Amino acid sequence: MRNGAVQTFTVIGLRSDVDMRDLFIAGVIPGPLSDEVVILDTSEEEFTRWAMEFDATDADSAAEQAYAHCQEEDPCSW
């Protein structure tokens, strides 16, 4: 649901180590929580855990921003 009000969302997912522009989103949480997310020392094979905050009108828009960010950044930085 898009209501037009901008808020901060935290996007959490996996970034491919093979092509760092690939992001697989696991979820989007309302609120600025990326500092709260603990990235474990262990990682999935060929993937790195990833979280970043985006200001958007809804969770889908935040996810779209995350995808765009990873397409522009190489590597897709935290």
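Restricting to the stretch 22-38, and then to whatever is under 13 Å from the mean Cα position of the chain (by Cα) and at pLDDT below 80, can you tell me which residue is least open to solvent (accessible area, probe 1.4 Å)?
Once the filter is applied, the top-ranked residue is Ser34.
For the stretch 51-78, give me each residue that is under 9 Å from the mean Cα position of the chain (by Cα) and either among the small types (Gly, Ala, Ser) or at pLDDT below 85 (or both).
Residues satisfying the conditions are Ala51, Ala62, Ala63, Ala66, Trp78.
The values are calculated or read from the model by the stated rules, or taken from the named source; none is laboratory data. Everything numeric in this text was worked out from a predicted model, so none of it was measured. Note: accessible area is taken over every heavy atom of the protein model, side chains too, but ligands, DNA and RNA are not part of it. Shrake-Rupley method; radii C 1.70, N 1.55, O 1.52, S 1.80 Å.
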